[in-house]
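Report on the following structure.
The values are calculated or read from the model by the stated rules, or taken from the named source; none is laboratory data. Nothing here was measured: the structure is a model prediction, and the numbers come from that model. Cβ placement follows ideal geometry from the backbone for every residue including glycine, while neighbour counts extend to all protein chains displayed.
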Amino acid sequence: MKRRLLLIVAALSATTMLSACAPLALACPAIGFVYDAPVALDVSPAVLGEGTIAACIGEGCVPAPLPVDSAGHAEMPQASPYQVGHAIGIQPGTTARVVISGVDGTVLRDLEVEIPYTSAGGSCPGPVTFHPVVIS
């Protein structure tokens with residue numbers, strides 16, 4: 001009995017000492033943060049002129065015409081035809097394709113840009129605030 005107790009104490013001591021040498025792993029909480037609001041676009045009036053904007057969300061998407069106000073601001077819903085598939089909200093690293101065409105239909109710019117964001121979660125990925133895609 002005494003020998004068994006000594007073995008248990010030795011094993012626990014060794015485990016405690018070895019665990020102090022191991023780096024601590026950061027565990028992020030298993031909480032999902034969903035951002036399903038429209039994606040804002042701000043296009044400089046100098047770039048847009050009298051032209052039009054077509055846009056979409058996600059890699060390989062097909063841009064659809066998007067209403068834009070006189071200041072060059074547009075809001076793209078996270079729904080068809082702007083987003084294809086069954087994604088629930090966008091995630092950090094999501095891209096938007098923005099095509100700006102002149103009055104005559106000539107493509108002035110065809111851009112694939114990451115939707116800018118900030119994370120309040122430190123080293124964990126959320127909660128996230130998305131910002132307008134600015135094109136100037």
For the range 65-107, which positions are surrounded by 18 or more Cβ atoms within 10 Å (Cβ to Cβ), under 23 Å from TYR35 (Cα atoms) and of a type in the set (A, V, I, L, M, F, W, C)? LEU66, VAL68, ALA74, MET76, ILE90, ALA96, VAL98
Given the condition in contact with a strand residue (DSSP E or B) (Cβ under 8 Å, 6 or more places away or on another chain), modelled with pLDDT of 90 or more and more than 29 Å from PRO127 (Cβ to Cβ), answer yes or no: does some residue in the range 31-42 qualify? no
Collect the residues in the range 77-95 that are among the aliphatic types (A, V, I, L, M) and either at pLDDT 95 or above or over 13 Å from PRO63 (Cβ atoms) (or both), keeping them in residue-number order. ALA79, ALA87, ILE88, ILE90
Residue check, ASP110 among the acidic types (Asp, Glu), surrounded by fewer than 14 Cβ atoms within 10 Å (Cβ to Cβ) and in contact with a Lys or Arg (Cβ under 9 Å, 6 or more places away or on another chain): yes
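Yes or no, residue by residue, for (1) out of contact with any strand residue (DSSP E or B) (no Cβ under 6 Å at 6 or more places or on another chain); (2) of a type in the set (Gly, Ala, Ser):
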residue: VAL68; (1), (2): no, no
residue: ALA71; (1), (2): yes, yes
residue: PRO92; (1), (2): no, no
residue: VAL98; (1), (2): no, no
residue: GLY102; (1), (2): no, yes
residue: VAL107; (1), (2): no, no
residue: VAL113; (1), (2): no, no
Unmet requirement for ILE53, which otherwise passes all of (1) touching a Leu at 6+ places or on another chain (Cβ under 7 Å); (2) in a loop (DSSP other than H, G, I, E, B); (3) not small (Gly, Ala, Ser): (2)
Of the residues that sit in the range 50-64 and are loosely packed, with under 13 Cβ neighbours inside 10 Å and out of contact with any Ser or Thr (no Cβ under 7 Å at 6 or more places or on another chain), which one is nearest to LEU108 (Cα to Cα)? GLU50
Checking the conditions here, which among PRO116, PRO125, PRO67 is under 12 Å from the mean Cα position of the chain (by Cα), at pLDDT 95 or above and of a type outside the set (A, V, I, L, M, F, W, C)? PRO116
